[in-house]
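Notes for the one structure printed next.
The values are calculated or read from the model by the stated rules, or taken from the named source; none is laboratory data. Keep in mind that this is a model prediction, so the values were computed, not measured. Cβ placement follows ideal geometry from the backbone for every residue including glycine, while neighbour counts extend to all protein chains displayed.
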Amino acid sequence: MGIHRSHRVRPLEWLAEQLIRLLSLTAILVVFLIFLFVGRESLPIVLGQMNSAAPQTVIPVEQFDSLPSERIRAYLGLSAKEFQSLNQETLKALLEIRVEAALEGSTNRDAGLNTTEWRYLLKPYQWSDYERPVYIWQPVSEVPKYNLVPLLVGSLKTTLAALFFSVPIALGAALYVSQLASPSAKELIKPAIELLSAIPSVVLGSFAMLVLATALQALTGSQFRLNALLAGIALGMASIPVIFSLAEDALTSVPVAYTQAALALGASRWRAAWQIVLPAAIPGVFAAVVLGFGRCIGETMVVLLASGNASILSGSFLDPCRTLTATIAAELGEPVVGSHHYRMLFLLGTLLFTVTFLTNVVGDLVMHRLKSGLEGRK
């Protein structure tokens, strides 16, 4: 009875609650459907159902109308649903690609390899044109190469460089604004930092590529203008507002009594902020860093413009690199729908989803562990 009477007394509040609940469920559903779509497109690669090896027998395009559709479908390696979704022009284009691949790969000993197998995706291999086993991403070549390791390392390098740059600045600014700054300074500094989030990522990437690259090259003496360090600094500039806002909220939520007790015992304001307030807010600060990590690893335009886009495996931050997101953005418009290159790009998207999901899960577990330790629960 109480619930129904509440609906009659406050109908607008009840309607707002239902609307918020509906929007939340819709957002979760949309994210799930996006992941389902991306995962479905990459499933043939995951299950080993794709074959990039040059065919031994070639079906000329001229025989398209005279052959049974089932034979053409099996020849192209398509499922029945995929075959029905493609028109005749697309199917003929796929046949032409197979003919060209067979002609180009006839003299290459690697032409018969199925480079979409997991051993070629994750392990080094000595290709016919190389003197030693290498990790290489080269989808458009005589023999397509889809090793994922250079892209994973490139994404990790730029993200780590961004966090090393942004976390100290963002946390230092959050600690100063929440604990040490005067009210007038806080009203000026906080909006100024949060205003950085309004700068489009393409502007940050262009600034890094055109201006910051020259200064950084002169400072480090690097051989390359565009490299992982430059992309990391630009990514750090993009993630500073996210980390700052969440960390500042966590620091501000610490009870004022903590600071007053420390000051009463003779501690300075800086010492109270550093040794009392920051440890008390560590769960929220850790959550800010985790979200900053997700912001960096999912960024596209900055790394596309500033990283150099060279899919090489190197441990140096001064060498060019290529990330998962930049590869998807640069190549998704090139491959034929349903081809192994097309499926491989969706596999990269699935990896991004997986890394982001696992990062959030681990971050949530660690945050609750820290929170429980601070509150004295086992």
Residue check, Ser197 of a type in the set (Gly, Ala, Ser), under 22 Å from the mean Cα position of the chain (by Cα) and at pLDDT 90 or above: no
In segment 206-244, the residues that are under 26 Å from Glu194 (Cα atoms) and either in contact with a strand residue (DSSP E or B) (Cβ under 7 Å, 6 or more places away or on another chain) or outside the structural domain of Ala287 (by TED's automatic domain parsing) (or both): Ala228
Flag if Ala231 is buried (at least 20 other Cβ atoms within 10 Å of the Cβ) and either at pLDDT 90 or above or of a type in the set (Ser, Thr, Tyr) (or both): yes
Cross-chain or 6+ apart pairs with Cβ under 9 Å, segment 245-258 first and farther than 8 Å from Ala281 by Cα, then among the acidic types (Asp, Glu) and assigned to a helix (DSSP H, G or I): Ser245/Glu194
Any chance Gly154 is in the same structural domain as Leu246 (by TED's automatic domain parsing) and touching a residue at least 60 places away in the same chain (Cβ under 8 Å): yes
Residue check for Ala161: closer than 30 Å to Val302 by Cα, modelled with pLDDT of 90 or more and more than 20 Å from the chain's Cα centre (by Cα): no
Residue under evaluation Phe317, criteria (1) in a loop (DSSP other than H, G, I, E, B); (2) more than 20 Å from the chain's Cα centre (by Cα); (3) not β-branched (Val, Ile, Thr), criterion not met: (2)
Single unsatisfied condition, Gly308 versus (1) touching a residue at least 24 places away in the same chain (Cβ under 8 Å); (2) within 12 Å of the chain's Cα centre (by Cα): (2)
Condition met for Arg98 (part of a helix (DSSP H, G or I), surrounded by 15 or more Cβ atoms within 10 Å (Cβ to Cβ) and not assigned by TED's automatic domain parsing to the domain that holds Thr252): yes
Boolean, Ile282 is touching a Phe, Trp or Tyr at 6+ places or on another chain (Cβ under 6 Å) and surrounded by fewer than 20 Cβ atoms within 10 Å (Cβ to Cβ): no
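Each row is one residue, and each column tells you yes or no for (1) modelled with pLDDT of 80 or more; (2) farther than 20 Å from Thr116 by Cβ; (3) among the β-branched types (Val, Ile, Thr).
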site	(1), (2), (3)
Pro60	no, yes, no
Lys92	yes, yes, no
Ala101	no, no, no
Gly105	no, no, no
Which numbered condition Tyr125 fails, given (1) more than 23 Å from the chain's Cα centre (by Cα); (2) in the same structural domain as Val355 (by TED's automatic domain parsing); (3) not acidic (Asp, Glu): (2)
Among residues of segment 136-179, those that are within 16 Å of Ser316 (Cα to Cα) and not hydrophobic (A, V, I, L, M, F, W, C), counted: 6
Total residues in segment 306-327, condition surrounded by 19 or more Cβ atoms within 10 Å (Cβ to Cβ) and not polar (S, T, N, Q): 9
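Could you please give the count of residues in segment 321-344 that are in a loop (DSSP other than H, G, I, E, B) and either more than 18 Å from the chain's Cα centre (by Cα) or more than 23 Å from Phe224 (Cβ to Cβ) (or both)? So that I can check it myself, show each step before the final result.
Filtering segment 321-344 down to residues in a loop (DSSP other than H, G, I, E, B) leaves 322-323, 332-339.
Filter once more, keeping what is either more than 18 Å from the chain's Cα centre (by Cα) or more than 23 Å from Phe224 (Cβ to Cβ) (or both): 332-339.
Of the residues in that region, 8 qualify.
Considering only segment 290-297, I want to know if a residue exists there that is farther than 18 Å from Phe165 by Cβ and either part of a helix (DSSP H, G or I) or among the charged types (D, E, K, R) (or both). I'd like the intermediate steps shown before the answer.
The initial filter retains those residues of segment 290-297 that are farther than 18 Å from Phe165 by Cβ, namely none.
The answer is no, given that none of the residues of segment 290-297 is farther than 18 Å from Phe165 by Cβ and either part of a helix (DSSP H, G or I) or among the charged types (D, E, K, R) (or both).
Tell me, which residue of segment 120-146 that is in a loop (DSSP other than H, G, I, E, B) and in contact with a strand residue (DSSP E or B) (Cβ under 8 Å, 6 or more places away or on another chain) is nearest to Arg322 (Cα to Cα)? Spell out the reasoning first.
Taking segment 120-146 first, the residues in a loop (DSSP other than H, G, I, E, B) are 123-124, 126-133, 135-136, 139-144.
Those still in the list that are in contact with a strand residue (DSSP E or B) (Cβ under 8 Å, 6 or more places away or on another chain) too: 124, 126-127, 133, 136, 139, 144.
On the way: Pro124: 18, Gln126: 21, Trp127: 21, Pro133: 20, Ile136: 11, Pro139: 14, Pro144: 17 Å.
Only one residue tops the list, namely Ile136.
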Ala238 vs. criteria more than 22 Å from Ala281 (Cα to Cα), surrounded by 21 or more Cβ atoms within 10 Å (Cβ to Cβ) and not hydroxyl-bearing (Ser, Thr, Tyr): yes
Among the residues listed as Ser66, Ser52, the single one being loosely packed, with under 11 Cβ neighbours inside 10 Å and either on the phi > 0 side of the Ramachandran plot or assigned to a loop (DSSP other than H, G, I, E, B) (or both): Ser66
